[in-house]
Amino acid sequence: MPESPAHSAAPRRRERSAARQSAARETDRAAAREEKRAQQSWVEGAAPELPVRAVRPENVVFHLGPTNSGKTYESLQALAATGSGVYAAPLRQLAHEAYAKLSAQLPEGTVGLSTGEEEIDPFAPIVCCTVEKAPDRGEMLVLDEAHWVTDPDRGHHWARLLLTGEYRQMHLISAAEAYLVLKPLVSDAEHVEVVNHKRLSRLDVLRAPVRSDAVRPQTLVVAFSRKAVYAVAAELDQHRPGKVGVLYGALPPATRREVIERFTSGELDVLVTTDVIGHGINVPATTVLFAETTKFDGQELRPLRTWEAAQIAGRAGRYGLTGHGAVGILIGVSGLKPVASLVGAGAAVARGDEMSDLPKRAPRLRPELEDLGAFEAVDLPEALTRWMAWARAATRDQAMTADDVTSLVLRVHALLPLLRGPLGAAGDLNTVWRLVNLAIDYNPPRRTRWLVLAKAALQHAVGLPVPPETVLPDVPRGGTVEEYEQAAAAARDAQTLLRQFPGVAGLDSEDAAWVEEECAEMITELLPDAIALGRSGTCTGCGRAIAPWFTTCRPCSAPAGRGGGERDRRPGPGGRRTAGRAEGRALGGRQGGPRGRARRG
């Protein structure tokens, strides 16, 4: 029986289908081979390598030792004697201190200052600066607090400077524990010298806790959040009215300098401060008291490490400023319970009697744009991700590790949608790279601030109008200290943008500096009343003693039926209960920390 046409066509269809599938597979294989070749080419062009310098240092001097051992003093004397070079430190305040000391002993015009906020004779023979502003080369580099090379957020600036900085001489100031981390970064030096320093003044541990009415003049009291600082200051102000100052990170730099000057001159008896005081800032304090010994480090609430306690305790008894020093704990402030044994361990490290628990982190290597092999802004997320993976492999046997560049990837992803419209004309690779690397906080709740400023820079670049208030908010009228602090922070962000992209919204960095200065003056004026009125630590419902970062105690904030009092059962607007639990969550973040649940009062 003859085969039907349908039956004879079926094998041919199968053959054609198989041929198409085979051709498709071959096309896919060819594309895969091409992609592999492209990736190999990318790897060959951007394979991570440790940065190298063209001119190696002749001499590297390590100044190792505890706090108050003369490390910085000797290094600054060497810089003054050389007459040319750079002093670099992690904080603006330290750069200011070095600038003041060197300016007092050298001819006018010899010393300059360069930080993220201000510049004074930045091309002078000697420049005092923050590490991010340090030049790539010079005669001598004095790097203070060099153990910051292991800092997870900023350590890559230290690492890049140590690996690539072309200085004839380097003086590296650090705790002794960081020597093994730092040494490989200058292994190409012709000569390495280690100078071990001993503490120059005695540091005793007070046998008994100190109460607020027994705090003496020339005392630093340490707490670890803005609310805790004000609570402690308000408690102490009852016994020394008008003689208590506060110092914490949110204050504008000008206000911080004025507060330190008032304490140094004796106008203030007591300074309540966060651990910002522990980063080498020198004041005439005979005593350091810890009001608490736990801190929120951005991820968790934890006890202080001994090296952190040592950095702070070592501020007591500064050689040349006071006599011997003492360290102890302050008790009696609601909700704050310092641990005396931890303070004692920190004092032992500060004296040089014990080794600290400085975290065993490797220095971070972060890419420059030329390391990535990207051609357009859209390439950056994949290029950064690839770089991080390959850099981790390449540095596996090195004295470094690849930095986590996830935050840069997130910033690029936030910018890319803006570049699909008219702003795309300004979104070239270099501009986007400069925008994503702006030193503006990208952590909530300030994340939107960076994106607003970046968008403003792109709008200005393509000729679109930008309202000035978008970039630089006005000085508040009749605001609180906190409102002026927020305005000053916004002005500092604007300065950061306008130094990189001048002219946005018709502004320059001097305009933003003026707003910050005005806010700083208002804060300085308001601080005494803010301290006197800032008393907290009592429940607004029942009056019982609670921690300063809460407004109500646990019983008063409990929902109805769970032990709350009559106050909890009164519905507020919209039927919501008015217990203070939500306030506690909003106010108790300890710089973003998980303080949401009410704690025992």
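Taking a ≥ b ≥ c as the square roots of the Cα gyration tensor eigenvalues, with a/c under 1.5 meaning rounded and otherwise prolate when a/b beats b/c, else oblate, which class fits the range 293-361? Note, shape of the range 293-361 comes out oblate.
Take the residue pairs Lys133/Lys455; Lys101/Lys198; Lys71/Lys360; Lys198/Lys360; Lys198/Lys337; Lys71/Lys227 and return only those whose Cα atoms are more than 27 Å apart. Violating the 27 Å Cα-Cα cut-off are Lys198/Lys337; Lys71/Lys227.
Determine which aspartates and glutamates satisfy two conditions relative to Lys183: a Cα distance under 14 Å, and not lying fewer than 8 residues away in the same chain. In chain and number order, the partners are Glu193. What does the C-alpha gyration tensor say about the overall shape of the range 203-351? Classify as rounded when a/c is under 1.5, otherwise prolate if a/b is larger than b/c, or oblate. Verdict is rounded for the range 203-351. For a test of the definition: using alpha carbon positions, the gyration tensor, and the 1.5 limit on a/c, classify the range 364-531 as rounded, prolate or oblate. It is oblate, given that a/c is not under 1.5 and a/b is not larger than b/c. For Ala494, what charge total do you get from the other residues with a beta carbon under 9 Å from its beta carbon, if Lys and Arg give +1 and Asp and Glu give -1? Net of charged neighbours comes to -2.
What FRET efficiency comes out for Arg14 versus Phe375 if R0 is 51 angstrom and r is the Cβ-Cβ distance? Round to the nearest 0.05.
0.70
Once both labels are positioned 7 Å from their Cα atoms along Cα-to-Cβ, the gap between Glu354 and Asp529 label points is 4.6 nm.
Restricting the trypsin sites (Lys or Arg not before Pro) of the range 370-424 to loop positions (DSSP other than H, G, I, E, B) with no more than 13 neighbouring Cβ atoms within 10 Å leaves Arg396. Placing pseudo-labels 7 Å out from each Cα toward the beta carbon at Glu58 and Arg420 gives an inter-label distance of 5.9 nm. The chymotrypsin sites (Phe, Trp or Tyr not before Pro) found in the range 285-355 include none that occupy coil by DSSP while having at most 16 further C-beta atoms within 10 Å.
Arg305 sits among other residues whose Cβ lies under 13 Å from its own Cβ, and their net charge, with Lys and Arg +1 and Asp and Glu -1, is -3. Net length available on complete extension from Val462 to Ser84 is 131.8 nm, with 0.36 nm assigned per residue and the Cα-Cα distance removed.
Quick check: residue separation of Ala104 and Val194 times 0.36 nm, minus the Cα distance between them. What number comes out in nm?
Contour length minus the Cα-Cα distance gives 29.5 nm.
Note on the range 203-351: antiparallel DSSP beta bridges, both residues inside, total approximately 10 percent of the bridges counted. Expressed to the nearest 5 percent, the antiparallel share of DSSP beta bridges inside the range 59-196 is 5 percent.
Loop-located GluC sites (Glu not before Pro) in the range 331-410 (DSSP state not H, G, I, E or B) with no more than 14 neighbouring Cβ atoms inside 10 Å: Glu368, Glu376.
Bear in mind that the values in this text are calculations on the coordinates, not laboratory data. Note that the structure is a prediction, hence the values are computed from the model and not measured. All Cβ positions, glycine included, derive from the backbone under ideal geometry; neighbour counts span all protein chains shown.
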